[in-house]
Amino acid sequence: MEQRHLGRTGLRVSRLGLGTLTWGRSAEGPDESGAAEQLKAFWEAGGTLVDTADVYGGGEAEYILGQLIGGLVPRRDLVIATKAGSVPDPGRRFDGSRGHLLAALDDSLARLGTEYVDLWQVHAFDPSTPLEETLQALDLAVSSGRARYAGVSGFSGWQLAKAATWQLAAPGVRTRLASTQMEYSLLQRGVEREVLPAALDLGVGLLPSSPLGRGVLTGKYRDGIPADSRGASAAMGGFVDPYLDDAASRIVDAVATAAHGLAVTPLQVALAWIRDRPGVVAPIVGARTSAQLGAALSVEALSLPEEIGRALDDVSAPVHRYPDQDWSTL
C-alpha cells in the first residue's frame, strides 16, 4: 500500500487507515478474533495506520489492539493513533484540561501495552479549557516520549487554524500539529469550507472519518434498510439516518452509475474519490467483518478517471456562499 507523509512532518502512514470505533462493542463490531483477522489482513496488505480512542468500547478497543500487538503484528510495523478528551459525562462531553489528557494518555498506554503511541490526538475542542493548556499537554506528551506526533480531531476551521498557528508561533519548544481528523465523504463535504483550507495552508494532514458516508455510499440502503446493517441497529440507526434523504440518494445513485461503468463496486468508487482529494492523507475505514475490510483494501489499485471524478464533484458539491467563496465572484 502506498505510504504518505502525515501533514508537513516526517511521519509516513499508509493511505488507508484501519478504524476501531466498533471494536469491543459486541452488537456492532468484531470480537477479538474478528479484530485479529482484520488487523492481520490490513498489515498483510501493507497497511500501517491503526486509529483508536480511549472511549471506543469504553477502552476495550485499545485493550484488544494491545493484545494483538507483538504476537500477531510487530509493533514497529504499525502507526498507532489514539485520542483523548471525550468523557462519559452528560454535563461535560469534552475535557481538554492538561491533567485529564495526560492521565488519559497513561491509561491508553497501559491498555495498549506499549511505551508510546505514534500519533496522539485531542478528540475534540473543549471551550471550557484555555486552548494553550490543551496544547501544552501535546507538547509534554511528545517531549516525554509517550507520543511521537500530535494532532487534533473534530476542530472547526478557526479552532484548527488557531491551534496550528499557536504551535508554530508560540515561544518555546512546540510540537507542530501533524493531523486533524474530521468526517469527510461524498455525502459530507462541509470540511471543504474552512477546515480543509486551513489544513492545507498550515501543513496539517486530513484523516477523514466515515469516508463511506456512514456506510450509505456502498449502496446497501438503496432499496431499504437491511436487517443486519447499522441502520437497523438501535444503537447506530440514528447515526445512519441523516444520510438516507433524497439529496443523499441522488449522490448514491451517481456513485452506483460510475461503479457500473467502471466495472467496480460503489464502495471502491466512493473510497477512491475521498482518498485522492487534495489534503487527504488517509481515510479511516471501520469494518464489521473481514470481508468488508477486504473490499475496502481492494481500492488500492483503483484510480478514478478525471471525468468520473469531476462528475462526482459536481453532483455532491456543497453550497459555498458568503464568506466561504472568493469575494471577487460575488
Being closer than 20 Å to R92 by Cα and of a type outside the set (A, V, I, L, M, F, W, C) is the filter here, so list the residues in segment 108-141 that pass it. Q121, H123, D126, P127, S128, T129, P130, E132, E133, T134
Inside segment 273-285, can you point out the residues that are more than 15 Å from the chain's Cα centre (by Cα) and either among the basic types (K, R) or open to solvent by less than 30 Å² (accessible area, probe 1.4 Å) (or both)? W273
From A254, A270, A247, grab the single residue that is at negative phi, without any contact (Cβ under 8 Å) to a residue 40 or more places away in the chain and out of contact with any Lys or Arg (no Cβ under 9 Å at 6 or more places or on another chain). A247
Consider segment 199-217. How many of its residues are assigned to a helix (DSSP H, G or I) and surrounded by fewer than 24 Cβ atoms within 10 Å (Cβ to Cβ)? 3
Give the residue that is farthest from L21 (Cα to Cα), with candidates limited to residues of segment 44-64 that are hydrophobic (A, V, I, L, M, F, W, C) and either in contact with a helix residue (DSSP H, G or I) (Cβ under 6 Å, 6 or more places away or on another chain) or part of a loop (DSSP other than H, G, I, E, B) (or both). A45
Would segment 137-148 turn up any residue that is out of contact with any Gly (no Cβ under 7 Å at 6 or more places or on another chain) and assigned to a strand (DSSP E or B)? yes
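Can you pull out the residues in segment 131-149 that are closer than 22 Å to A282 by Cβ and either in contact with a helix residue (DSSP H, G or I) (Cβ under 6 Å, 6 or more places away or on another chain) or β-branched (V, I, T) (or both)?
Step one: filter segment 131-149 for residues closer than 22 Å to A282 by Cβ, giving 138, 141-142, 147-149.
The answer is A141, V142, A147.
Against the condition in contact (Cβ under 8 Å) with a residue 12 or more places away in the chain, closer than 22 Å to V281 by Cα and β-branched (V, I, T), how does T82 come out, does it pass?
On the way: in contact (Cβ under 8 Å) with a residue 12 or more places away in the chain: yes; closer than 22 Å to V281 by Cα: yes; β-branched (V, I, T): yes.
So T82 passes the test.
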If we keep just the residues of segment 219-251 that are aromatic (F, W, Y) and part of a helix (DSSP H, G or I), which is least open to solvent (accessible area, probe 1.4 Å)? Y243
Taking segment 150-173 on its own, how many of its residues are touching a helix residue (DSSP H, G or I) at 6+ places or on another chain (Cβ under 9 Å) and open to solvent by less than 70 Å² (accessible area, probe 1.4 Å)? 15
Evaluation of S128 against (1) in a helix (DSSP H, G or I); (2) small (G, A, S); (3) over 22 Å from the mean Cα position of the chain (by Cα) (one fails), failing number: (1)
Does any residue in segment 91-116 that is within 24 Å of P74 (Cα to Cα) and open to solvent by 40 Å² or more (accessible area, probe 1.4 Å) come within less than 9 Å, Cβ to Cβ, of a residue that is at pLDDT below 95 and part of a loop (DSSP other than H, G, I, E, B) six or more places away or on a different chain, and which pairs are these? G113/G70
Which one of A295, A263 is open to solvent by 30 Å² or more (accessible area, probe 1.4 Å), at positive phi and out of contact with any strand residue (DSSP E or B) (no Cβ under 7 Å at 6 or more places or on another chain)? A263
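So, of the residues in segment 66-111 that are assigned to a helix (DSSP H, G or I) and touching a Leu at 6+ places or on another chain (Cβ under 6 Å), which turns out to be farthest from G151 (Cα to Cα)? Spell out how you get there, then give the answer.
Just the residues of segment 66-111 that are assigned to a helix (DSSP H, G or I), to begin with: 66-68, 75-77, 98-111.
Still in the running and touching a Leu at 6+ places or on another chain (Cβ under 6 Å): 66, 68.
Numbers: G66: 21, L68: 24 Å.
It comes out as L68.
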Name the residue that is nearest to the chain's Cα centre (by Cα), counting only residues in segment 13-51 that are without any contact (Cβ under 8 Å) to a residue 60 or more places away in the chain and buried (at least 22 other Cβ atoms within 10 Å of the Cβ). V50
Those residues that are over 22 Å from D253 (Cβ atoms) and either part of a loop (DSSP other than H, G, I, E, B) or open to solvent by 30 Å² or more (accessible area, probe 1.4 Å) (or both), I need them from segment 179-191; list them, please. M182
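Identify, from the list R189, R111, the residue that is of a type in the set (K, R), modelled with pLDDT of 95 or more and under 19 Å from the mean Cα position of the chain (by Cα).
Numbers: R111 fails: under 19 Å from the mean Cα position of the chain (by Cα).
Among R189, R111, only R189 is of a type in the set (K, R), modelled with pLDDT of 95 or more and under 19 Å from the mean Cα position of the chain (by Cα).
The values are calculated or read from the model by the stated rules, or taken from the named source; none is laboratory data. This one's a predicted model, so the numbers in the text were calculated from it and none came from an experiment. Virtual Cβ from ideal backbone geometry, glycine too; neighbours counted across all protein chains shown. For accessibility, only protein heavy atoms count, side chains too; no ligands or nucleic acids. Shrake-Rupley method; radii C 1.70, N 1.55, O 1.52, S 1.80 Å.
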